[in-house]
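The values are calculated or read from the model by the stated rules, or taken from the named source; none is laboratory data. Keep in mind it's a predicted model, so treat the numbers as computed, not measured. Because the Cβ atoms are built from the backbone with ideal geometry, glycine has one as well, and the counts that use them run over all protein chains shown. Surface accessibility is based on the protein's heavy atoms, side chains included, excluding ligands, DNA and RNA. Shrake-Rupley method; radii C 1.70, N 1.55, O 1.52, S 1.80 Å.
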Amino acid sequence: MTESPRLLILGLDGAPARYVFDAPPGALPNLQSLMARGMWGPLTSTIPPITCPAWACMSTSRDPGQLGLYGFRNRSSPSYGPMDRADGAWVTAPRLWEVLSDLGRRSAVLGLPLSYPCEPFNGWLIGSFLGPNDHDEYTQPTSLADEIEEVAPGYMLDVPNFRTDDKERLLEQIRRMTDLRFRLAAHLMRSRPWDLFWMVEMGPDRMHHGFWRYGAPDHRLHEPGHPYESAIADYYCYVDGRIGELLDLAPHETSVMVVSDHGAKTLTGAISMNDWLRREGYLVMNHVPDTPAPLDPAWVDWSRTRLWAEGGYYARLFVNGQGREPQGIVPSSEYETLLADVTARLRGMRDHEGRPMGNRAMSPYELYREVRGLAPDLIVYLGDLDWRSAGTVGHRDIYLLENDTGPDDANHSQEGIFILAGPDVPASGSVRGAEIYDVAPTALALMGCPVPLEMIGRDLRTIRA
């Protein structure tokens, strides 16, 4: 009897071309071997290119608007209160392993953000850093937690406090987390009968945020010859070796896909968007804190406020809409005019040195096939993601050369990476045009399964060099 085709997906959160495709020959022998016998190239991420929603969009082949997921935190009601943190329950479209489960195929899923909780399926799942911290509640089935503690004692969903000045501790913690993840992955590959095995390692993303300046000459804090100058490159060499161990465990003829949810780039600083909105007259406050603090709705004069912002890797602007928000004042007849006005001002912004920032302000209704939930009224890339959006208000200046949530060297970039190799994959070499939505349809096609019509991606093998 012929075995069903198998697929191994290795996710490297935030991995950019810089540390994978641009690595010196021989530096990453396992990844470079996959590239040599298959196809590879940039993988355009979601807008926004954030861990959440990117991995959920990858696993469902749906865009953020179709899922109603616009970031780690989302509005579940039109109130002015705190937004809700997303988890797997926010993902309402079938994920790849759930589609396979309905076809009688078995999957093992490890560390994939926004995977837990999910509906019961034919396989095994271990949650990510976005799941609960209680180790009795982060697996399906729950009995798997005890086995994990035996195989990988002290298993880490994430490194604590990765925005820190204690770089030596951070480096040690990332290495330990990565070791435990790959140790557990190897155990699951040996002990479970899987058709799809999908693991995601968060270490690359944490390395970028903590150590980017040391290897990036364009970073304002770069110090040539610093002891950490090669820290990220060395980490990728380490991960490549651990990938090699998993490749050795995979049954013969297994197809392999390596993917990242977004890339990484130098972070210049943060823009205090709510202070900018105050300056421009869109946000009116009856109290401004003496020291910067998260925006408290009680400080806002909502009877005169038209817009406010949320912080993060990108800026989210919300209209104080009449009939939507509790004290909304902007009638629907003025909605488009207001957004056009603020968009023009955002595009005209200059940075701290007087140079045009090149901001992008985008409407969800222009970006997505549909818009579910309470989407931001504008999604704003500050300086093409060279700057992030500060979540605090009360700064003396709108330009912050340090991240307001702790030391951070890197922001996310729009292009991640993919590598695809296997018995049914052409040796096309470098290709362009791949999108994050193509991963799930490609996986199903490689495994000989029908692709649901609702999936918006295509088979990556149809891309020509």
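Pull out a ≥ b ≥ c, the square roots of the eigenvalues of the alpha-carbon gyration tensor of the chain, then state rounded if a/c is under 1.5, prolate if not and a/b is larger than b/c, and oblate in the remaining case.
Prolate, since a/c reaches 1.5 and a/b exceeds b/c.
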Check your understanding: Roughly how many debye, to the nearest 20, is the charge dipole of the chain about its Cα centre, given +1 on each Lys and Arg Cβ, -1 on each Asp and Glu Cβ, and no other charges?
Key -> 880
**Study point:** Student exercise, the stretch 1-150 dipole from Lys, Arg, Asp, Glu Cβ charges, in Debye to nearest 20
**Key:** 760
**Study point:** Protection-proxy order for peptides 299-305, 51-57, each taking the mean of Cβ atoms within 10 Å per residue, highest first
**Key:** 51-57, 299-305
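Got the relative contact order for the chain handy, in percent, Cα pairs under 8 Å and 6 or more residues apart? Please list the in-between numbers first.
Values: 1023 pairs, mean separation 128.8, N = 465.
About 28 percent, as a whole number.
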**Study point:** Loop-located GluC sites (Glu not before Pro) in the stretch 195-270 whose Cβ has at most 14 other Cβ within 10 Å (DSSP)
**Key:** Glu253
Review point. What does the charge count near Thr268 come to, summing +1 for each Lys or Arg and -1 for each Asp or Glu among other residues with Cβ under 12 Å from its Cβ?
Key: -3
**Study point:** Calculated P(r) of the stretch 1-149 - Cα pairs past 24 Å, %
**Key:** 45
Revision key, fill the gap. Probe 1.4 Å, heavy atoms of protein chains only: per residue, the accessible area of the chain in Å² is 39
Point to revise | Protection proxy ranking, peptides 9-16, 123-130, average beta carbon neighbours within 10 Å, highest first | key: 9-16, 123-130
Practice item. Based on the mean of other Cβ atoms within 10 Å per residue, sort peptides 366-374, 155-163 so the most packed one is first. Key: 155-163, 366-374
Study note, to complete from the structure: Whole-percent carbon and sulfur contribution to the accessible surface of the stretch 328-451 (1.4 Å, no ligands, DNA or RNA) stands at 45
